[in-house]
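Some notes on the structure that comes next.
The values are calculated or read from the model by the stated rules, or taken from the named source; none is laboratory data. Here the structure is a predicted model, which means the values were calculated and not measured. Cβ coordinates were reconstructed from backbone atoms using ideal geometry, including for glycine residues, and neighbour counts include every protein chain displayed.
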Amino acid sequence: MLDFDDRYTLAHKIYPYEKHADQDKAEAVRHPVVVVGGGPIGVATALDLGMQDIPVVVLDDHEGIGMGSRAICFAKRCLEVADRYGCGEPMVDKGVVWNLGKVFHKEGQIYEFNLLPEEGHKYPAFINLQQPYFERFMVDRLRALQAEGKPIEIRGKNRVDAIEVKDDHVVLDVMTPDGPYKIEADWLVAADGANSPLRDMLGQDFTGKVFQDSFLIADIKMKDVEFPTERWFWFEPTHGSGASTLLHKQPDDVWRIDFQIGWDVDRKEEMKEENIRRRLDAMLGDVEYEMVWSSIYTFQCKRMGSFRHGRVFFAGDAAHQVSPFGARGANSGMQDVDNLGWKLGMVLKGQAPEALLDSYSEERVYGADENILNSTRSTDFITPKSEVSKTFRDAVLTLAAKHEFARPLVNSGRLSVPCVYDGLSLNGPDSLPGAPARTRVGAPMVDAPIGDDWLLSMIGNRFILMTIDADAPESLDVDGIEVTRLALSSKDNPELAERYLGEAKSAVYLMRPDQHVAARWAHFDTASVNRAVNIATARA
Amino acid sequence: MSDLNTKPNITAPDDFYATLLAVHEGKTKEESDAINARLVLILANQVGDADILNQAIALAAEG
């Protein structure tokens, strides 16, 4: 039996290699959608398409979920996307929510802050959760959908070695323990990670700024110590060399510590347990702990020029990479899937032209640029690149210790928030005078309580016309696209009124299947809604 | 858009200038740079308005 080595150790071997009938066919079998990569972004893509009854095959060169906590901060929007896929709740149940943060400079604490989360949302601003859990809950969901008969397949130890892009499909050479076979796809989603082999095979550019820095990550389990559930961030810590240190809690009493240790380091030397312990001991003092996992990584801020190349889409780290400050990696990858899923679904069902797929790249490149900008700014603050930027950075930290006004300038990574697709092609009219800016056209919806339920649980997966204190037909057929009404009242619902009405007396919102606002008006008008649906699906 | 005030606005300009220089007396270059940086941030917060701050930064860059 032919075999190939794993590139990394698995935490959960949950989709072991099994020979598929496709492998014995003389002719390559054609599938509507093939996803390359079984990480969080690939699996999320399978959930999105599978739930739409679109057959999807995921190929992964491993047989399960990789070891190591890796991405540990999952933000609200990402959890809301997971909720739409039916796996958000176990993530929050398992995850750790924190609100208190402390900021240190050199030896002392300079201030602390409480995030004071806004009430009236199903999901918290973010949770800390080890990536293997996040992935596990999605694969569990995938298995549940398969049991319901949804057309999803995941094939372990199926490594893509070559790709040929035709006008109306792609052909993949896949290697397995039983040898190679060919598979065809009408559409391909490349979610094969930061080093995306598919990106290289297609000769695509990946440009940006490489930051010359490395991080030593250590996950530790405290013994007999009650450590508070807080986030601690040190600028220029005195407990060891390096520009910054971050400590935060994960489930299972595991603590994550990120040491920023500079570029010119001897990785092998730094990874020795005694050397990691030396750093940890200097920081934690006299505390007993066991080491769970450690790793060193470097990062880049880069993106591809376009995320669509004909029949191939790139998503997640394969399409864009950011620094870890602000947790914009996995979180933005989930938003890619959120954006691509319904568009691909509508094109495959013949409800929208292929041009709709160009808007995936347009919108998500816009999102990636915003994420890269934010993450670059954090990086510049944490590791000043010039003498004058260090002078200003230190001035901010000195002032922040005593004066509240300087604290908003302290940037140890901004909370990952989804971008608003301002001014992009799918946006319809924003014709609701006095309405809040946060729910403007192009924005992701803001959650609100509706009785015992949540607004976001009632919207998504299709076009919805949300009316607040306004009349409209219960459903509309816009040239084959069904738009269903969700009638709401602002009576006794101050959150809904504040988030969607503002100064307006009534509102009609057209919501996209990915819970973004496509258009809004004060009153219903058939022609206006029809036109907005056509704009939002690239039919106008 | 608010406009940056480029007309004289400082009460007792000579006193202000003397106070500004006095704070740097006996300081090293590094200490002085730190004071100036803090002063910029304190004054920027006082101004607040992004339009004014952008015009001020552009004007300073002109030299």
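Please verify whether residue A:111 is of a type in the set (Ser, Thr, Tyr) and over 26 Å from residue A:407 (Cα atoms), treating the condition exactly as stated.
no
Checking residue A:104 against (1) in contact (Cβ under 8 Å) with a residue 24 or more places away in the chain; (2) more than 27 Å from residue A:69 (Cβ to Cβ), which test does it fail?
Only one criterion is unmet by residue A:104, namely (2).
Considering only the stretch B:18-29, state which residues are surrounded by 10 or more Cβ atoms within 10 Å (Cβ to Cβ) and either away from every other protein chain (no Cβ under 14 Å) or touching a residue at least 40 places away in the same chain (Cβ under 8 Å) (or both).
Within the stretch B:18-29, B:18, B:19, B:20, B:23, B:24 qualify.
Tell me the residue from A:331, A:339 that is surrounded by 18 or more Cβ atoms within 10 Å (Cβ to Cβ), under 28 Å from residue A:40 (Cα atoms) and touching a strand residue (DSSP E or B) at 6+ places or on another chain (Cβ under 6 Å), please.
Among A:331, A:339, only A:331 is surrounded by 18 or more Cβ atoms within 10 Å (Cβ to Cβ), under 28 Å from residue A:40 (Cα atoms) and touching a strand residue (DSSP E or B) at 6+ places or on another chain (Cβ under 6 Å).
Tell me which residues, restricted to the stretch A:501-510, are over 11 Å from residue A:427 (Cα atoms) and buried (at least 23 other Cβ atoms within 10 Å of the Cβ).
A:507, A:508, A:509
Return yes when residue A:353 is closer than 22 Å to residue B:31 by Cα, more than 21 Å from the chain's Cα centre (by Cα) and part of a loop (DSSP other than H, G, I, E, B) and no when it is not.
Judged against the criteria, residue A:353 is not a match.
Taking the stretch A:377-404 as the search range and keeping residues that are part of a loop (DSSP other than H, G, I, E, B) and either facing chain B (nearest Cβ under 10 Å) or β-branched (Val, Ile, Thr) (or both), which one is farthest from residue A:114 (Cα to Cα)?
Per the stated criteria, the residue is A:383.
Condition first: crowded, with 20+ Cβ neighbours inside 10 Å and within 27 Å of residue A:345 (Cα to Cα). Now tell me which residues in the stretch A:483-500 satisfy that.
Passing the criteria: only A:483.
Report the residue count in the stretch A:116-127 for those that are surrounded by fewer than 22 Cβ atoms within 10 Å (Cβ to Cβ), at negative phi and touching a residue at least 24 places away in the same chain (Cβ under 8 Å).
Qualifying residue count, the stretch A:116-127: 5.
So for the stretch B:46-63 (the condition being modelled with pLDDT of 95 or more and within 11 Å of another protein chain (Cβ to nearest Cβ)), does at least one residue qualify?
Scanning the stretch B:46-63, I find at least one residue that is modelled with pLDDT of 95 or more and within 11 Å of another protein chain (Cβ to nearest Cβ), so the answer is yes.
For residue A:451, state whether it is closer than 19 Å to residue A:342 by Cα and small (Gly, Ala, Ser).
For residue A:451, the condition - closer than 19 Å to residue A:342 by Cα and small (Gly, Ala, Ser) - is not met.
Looking only at the stretch A:405-422, filter to residues that are without any contact (Cβ under 8 Å) to a residue 12 or more places away in the chain and more than 28 Å from residue A:123 (Cβ to Cβ); which one of those is nearest to the other protein chains (Cβ to nearest Cβ)?
Result: A:405.
Would you check which residues across the stretch A:244-257 are within 21 Å of the chain's Cα centre (by Cα) and either among the polar types (S, T, N, Q) or within 13 Å of residue A:298 (Cβ to Cβ) (or both) and list them?
Across the stretch A:244-257, the qualifying residue is only A:250.
Just to check your reading of the model, which residue among B:32, B:2 is without any contact (Cβ under 8 Å) to a residue 60 or more places away in the chain, surrounded by 10 or more Cβ atoms within 10 Å (Cβ to Cβ) and either of a type in the set (Val, Ile, Thr) or closer than 21 Å to residue A:390 by Cβ (or both)?
Step by step, each of B:32, B:2 is checked, and only B:32 is without any contact (Cβ under 8 Å) to a residue 60 or more places away in the chain, surrounded by 10 or more Cβ atoms within 10 Å (Cβ to Cβ) and either of a type in the set (Val, Ile, Thr) or closer than 21 Å to residue A:390 by Cβ (or both).
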